[in-house]
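The values are calculated or read from the model by the stated rules, or taken from the named source; none is laboratory data. The structure displayed is predicted, hence computed values, not measured ones. Heads up: the accessible areas ignore ligands, DNA and RNA and are worked out on the full protein's heavy atoms, side chains in. Shrake-Rupley method; radii C 1.70, N 1.55, O 1.52, S 1.80 Å.
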Amino acid sequence: AIASFVTSYARIHMNKIMQKNPESIYYTDTDSVFTTKELPTGKNLGELKLENTHDSAVFLLPKTYIAINPRGKKIAMKGFDKKKVDN
């Protein structure tokens, strides 16, 4: 019950963010937002935190994307072995 509450609350929080900037949101999940707009961040529990910036990204399906920046690339493919995704 607690996990369901936390996930539901996160979805409500993320939905409020998406409604303010719908044209600049490209991907969102329970704990992440890919956007071209700068969002307010903080260090407290429940506030957004900027973890990374990317030059380009391709979003194929939920939890399936690649994001590229000068330091490298991040590939996410839920349900696939990490070694297979990296290859």
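Laid out as a table, the results:
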{"item": "Tilt relative to the chain, helix 2-20 - C-alpha long axis, 0 to 90 degrees, to 10", "result": "90 degrees"}
{"item": "Percent accessible area from carbon and sulfur atoms, the chain, protein chains only, probe 1.4 Å", "result": "56 percent"}
{"item": "LEU48 long-range amide H proximity, modeled H, under 5 Å", "result": "GLY42"}
{"item": "With DNA, RNA and ligands ignored, accessible area of THR7 (1.4 Å probe; Å², nearest 10)", "result": "50 Å²"}
{"item": "Nearby lysines by direct alpha-carbon distance to LYS78 (threshold 25 angstrom, same-chain neighbours under 8 apart not counted)", "result": "LYS49, LYS63"}
{"item": "Heavy-atom SASA rank of ASP86, ASP29, ASP55 (probe 1.4 Å, accessible area, largest first)", "result": "ASP55, ASP86, ASP29"}
{"item": "Heavy-atom accessible area per residue - the chain, 1.4 Å, Å²", "result": "85 Å²"}
